[in-house]
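Worksheet: the structure to be examined is printed underneath.
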Amino acid sequence: MAGIAVGVAMLSWTLAYFNGFIGELVKSATSISLGQIQISSKAHIDAPSINNTFTLSQVELEEIRSLDGVVEISPRVKVYGLVGNEERSAVAQIIGVDPERDSATTTVSQSIKDGQWLKPVAAKTDEKPSQPHAVVGHHLARQIGVSVGDELVLFFEAADGALGNELLKVTGILKSGNTAIDRTGVFMNRETLQEIAALEGQFHVAPIKIKDVSRAERIAKQISDILKKPQIETKDPNVIPTVRLARSWGEIIPQIKQLVEVSDGANYIYLIFVYFIIAFGLFNAARMSALERKREFAMMLAIGVPRSKLFWTVLLETVVISILGAVVGTLMGSALAWYHQTYGFDMSSFADSSSDGFNYMGVSFSSIVYFIVTPSSVFVPFIAILPVGFICGLWPAIQSARTVILKSISNRN
Amino acid sequence: MKRTFMIVVMFTTLFAIEVRADQPPLPKLEDITKKLDEVYRATGTTHAKLTMTIVNKRGTRALQMESWSKGADTSLILIRKPAREAGTATLMTPDGLWNYAPRADRLIRIPKGLLGDSWMGSDFTNDDLVQNTKYAKDFTSKLSWVQENGKRALKIVFIPNKNVPVVYSRLEYLMEPKTWIPIRAEFFDKKKKTRTMLFSDIRKVGEKHVPFKLVLQPGDGKSSTTIQYEIFEADVKLDDAMFTKRGLRRIAKKR
């Protein structure tokens, strides 16, 4: 029974761990910048040029925000250009965001290493026509030699072909763990970037945060339906007819989606493997137990106990032991998994000592993994033990029921 | 061989072409390559006013510019019009290449890795400005007579030597037989033509012949950049201080 309990506990705990690990990977990959759902024009997906933009009316934005499960949407402008100073410069992706909406949509604002996140334009009213602020990825900042408080020149070709330029003030240095953002990302206020880039009212991507990652596809479909509706503000000259797509994270980063699918398959292989070991032990124990009591079974048969009753007694004994072991194991495993769900499981001793966490497929995430206890992590190991107990008890039960009374009583077999 | 001369033409360094009517039918290869290098690498000073017209899928954009140069590797180009871009400038010195951002009132250095990128949104590249290869030294060349539109012309094919940092695998120049002024230049990457440069509107400036119109057409045919000189002066008096970062700022602010 102890073996079953330990096996079931281990399985329950491991499944919750895998859920947490994969969840952390998906969260890190999507929450930093991509969003669990993302709107962009089809043209931008095919060729991410500055001119491949889309518009979203206020009505559409509110409709998307009001959808069940949607937390926030933050339309962004993204252009590529040169940032730097007289001494050094580098190519960067300059991302224009609404600071408050973006904070509620992605975790970029929480990844500030030095300084602070962008302030909304409205908050600058008491200042003179102030220098636009910028938050720079830490690798990029090191490459061009800027830190908080320094100036940063921005130079790029705007959407109308003109040369856009601006002097920015670095207010924050970002360490997001996302390689692309840390090496090339410059975040600034969206309205300012739209003005310099001649992109008023237009966006390149709109990340969306949702409450439950597993509902991404369903919500993406609902958003696609909203985007297919005829736009109300069709007289607006800024409204450019374009094909707008809402894609779930699985479509944006299919490699991580595949990893999740592979991981689900791996979970089942692991489950089968562990249960095979449990079954081997259980079968052996049941068989030995039945063999040791063969004389007693012969006595029972001799005094008139039907063979079928003996069969069921032995079988149920194994099944009951399995159930008891599974109950204890599920309680133990789930309790431990719940503890790690609440307080996290520190895996820093397994992580690369040079980084703050794990880096996987260009996405880094914390070395503390928070488990996710789900009904399947609790009940699958429990339910799966029942057929195992039944099968393992079957042979000893048959053998017991087929006991030859005289031979067994006289200890001749 | 992306070191195309054309930009240099554009940026005024050029034009020391002499009329060589007394040349034999096929001039010496060394003479002509040397002359090409000399043509596009003026040792004196120049000043020019020009209009650069960029035609691409976004439409047509015309920039009025003024440029000054001293020697082969020092020049300053300033956008005068339209107002939105007025003041934007490029400074090239032996120490590097900078763009002046007027809204920011700051310079930004163009890193070496970006030399292949578009210059001011045109079909020219930053590399075209910097060009530091020499035809006589860095290329293997072959000269021949050809018939172009029923007229005799000189054709010179340049193949870059090994380890010469150019992106073209072959360059073909068609030149006027007497003045050796280029009529057309074609750039190839393997067998694919990646861009064509057309020279026309030849005018005499002092003792030199100068193509006042240059048209650059990338191989995809989707865009073109035309440079038309309105004024071109050679051997003008220029202050050395204008080719400094401070000088650039001063000139750029005088829009």
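The values are calculated or read from the model by the stated rules, or taken from the named source; none is laboratory data. Since this is a predicted model, take the numbers as computed values, not measurements. Here the Cβ positions follow ideal geometry from the backbone for every residue, glycine too, while neighbour counts run over all protein chains shown. Each accessible area value is taken on the protein alone, full model and side chains, heavy atoms only, with ligands, DNA and RNA left out. Shrake-Rupley method; radii C 1.70, N 1.55, O 1.52, S 1.80 Å.
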*Looking at the stretch B:153-168, is at least one residue assigned to a strand (DSSP E or B), over 21 Å from the mean Cα position of the chain (by Cα) and closer than 21 Å to B:Arg195 by Cβ?*
yes
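Residue-wise test of (1) within 30 Å of the chain's Cα centre (by Cα); (2) open to solvent by less than 20 Å² (accessible area, probe 1.4 Å); (3) touching a residue at least 12 places away in the same chain (Cβ under 8 Å); (4) within 14 Å of another protein chain (Cβ to nearest Cβ).
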site: A:Phe54; (1), (2), (3), (4): yes, yes, yes, no
site: A:Val59; (1), (2), (3), (4): no, no, yes, no
site: A:Arg65; (1), (2), (3), (4): yes, no, no, no
site: A:Pro75; (1), (2), (3), (4): yes, yes, yes, no
site: A:Ile94; (1), (2), (3), (4): yes, yes, yes, yes
site: A:Trp117; (1), (2), (3), (4): yes, no, yes, no
*Boolean, B:Lys213 is in contact with a strand residue (DSSP E or B) (Cβ under 9 Å, 6 or more places away or on another chain), in a loop (DSSP other than H, G, I, E, B) and open to solvent by 40 Å² or more (accessible area, probe 1.4 Å)*: no
*asked:* Testing A:Val146 on (1) in a loop (DSSP other than H, G, I, E, B); (2) within 11 Å of chain B (Cβ to nearest Cβ), one condition comes back false. Which one is that?
replied: (2)
*May I ask you to verify whether A:Ala9 is more than 30 Å from A:Pro387 (Cβ to Cβ) and either touching a residue at least 40 places away in the same chain (Cβ under 8 Å) or of a type in the set (Asp, Glu) (or both)?*
no
*Restricting attention to the stretch A:89-110, and to residues there that are in contact with a Gly (Cβ under 7 Å, 6 or more places away or on another chain) and not in a strand (DSSP E or B), which single residue is farthest from A:Phe187 (Cα to Cα)?*
A:Thr105
*Which of the residues spanning the stretch B:75-121 are within 20 Å of B:Arg195 (Cβ to Cβ) and either within 9 Å of chain A (Cβ to nearest Cβ) or open to solvent by 10 Å² or more (accessible area, probe 1.4 Å) (or both)?*
B:Leu114, B:Leu115, B:Gly116, B:Asp117, B:Ser118, B:Met120, B:Gly121
*Top-ranked residue in the stretch B:197-210 [being more than 20 Å from B:Thr51 (Cβ to Cβ) and in a strand (DSSP E or B); ranked as most open to solvent (accessible area, probe 1.4 Å)]*: B:Lys204
*Please specify each residue of the stretch A:319-350 satisfying the condition of being in contact with a strand residue (DSSP E or B) (Cβ under 7 Å, 6 or more places away or on another chain) and open to solvent by less than 60 Å² (accessible area, probe 1.4 Å).*
A:Gly344, A:Phe345, A:Met347
*asked:* Checking the condition modelled with pLDDT of 65 or more and either within 24 Å of A:Ser111 (Cβ to Cβ) or among the basic types (Lys, Arg) (or both), which residue from A:Gly362, A:Gly344 passes?
replied: A:Gly344
*Does the stretch A:31-42 include one or more residues that are more than 22 Å from A:Ser109 (Cα to Cα), assigned to a helix (DSSP H, G or I) and in contact with a strand residue (DSSP E or B) (Cβ under 8 Å, 6 or more places away or on another chain)?*
yes
*A:Leu56 being under 28 Å from B:Asn56 (Cα atoms) and at pLDDT 85 or above*: yes
*Please indicate, with yes or no, whether at least one residue in the stretch A:115-131 is under 24 Å from A:Asn165 (Cα atoms), at pLDDT below 90 and in contact with a Lys or Arg (Cβ under 8 Å, 6 or more places away or on another chain).*
yes
_Pair list, Cβ < 7 Å and 6+ apart or interchain, from the stretch B:97-109 residues that are charged (D, E, K, R) to residues that are crowded, with 24+ Cβ neighbours inside 10 Å_ = B:Arg103/A:Asn165; B:Arg103/A:Glu166; B:Arg106/A:Val153; B:Arg109/A:Gly84; B:Arg109/A:Ser89
*asked:* For the stretch B:40-50, check the following and say yes or no: at least one residue is within 28 Å of A:Ile50 (Cβ to Cβ), at pLDDT 85 or above and part of a strand (DSSP E or B).
replied: yes
*asked:* Please go through the stretch A:294-313 and give me each residue that is under 18 Å from A:Lys407 (Cβ atoms), touching a residue at least 24 places away in the same chain (Cβ under 8 Å) and out of contact with any Phe, Trp or Tyr (no Cβ under 7 Å at 6 or more places or on another chain), ordered by number.
replied: A:Lys294, A:Arg295, A:Phe297, A:Ala298, A:Met299, A:Leu301, A:Ala302, A:Arg307
*Residue identified as open to solvent by 10 Å² or more (accessible area, probe 1.4 Å), over 27 Å from B:Pro82 (Cα atoms) and within 13 Å of another protein chain (Cβ to nearest Cβ) among A:Lys175, A:Lys169, A:Lys209*: A:Lys169
*Among residues belonging to the stretch B:219-249 that are surrounded by fewer than 12 Cβ atoms within 10 Å (Cβ to Cβ) and in a helix (DSSP H, G or I), point out the one that is farthest from the other protein chains (Cβ to nearest Cβ).*
B:Asp240
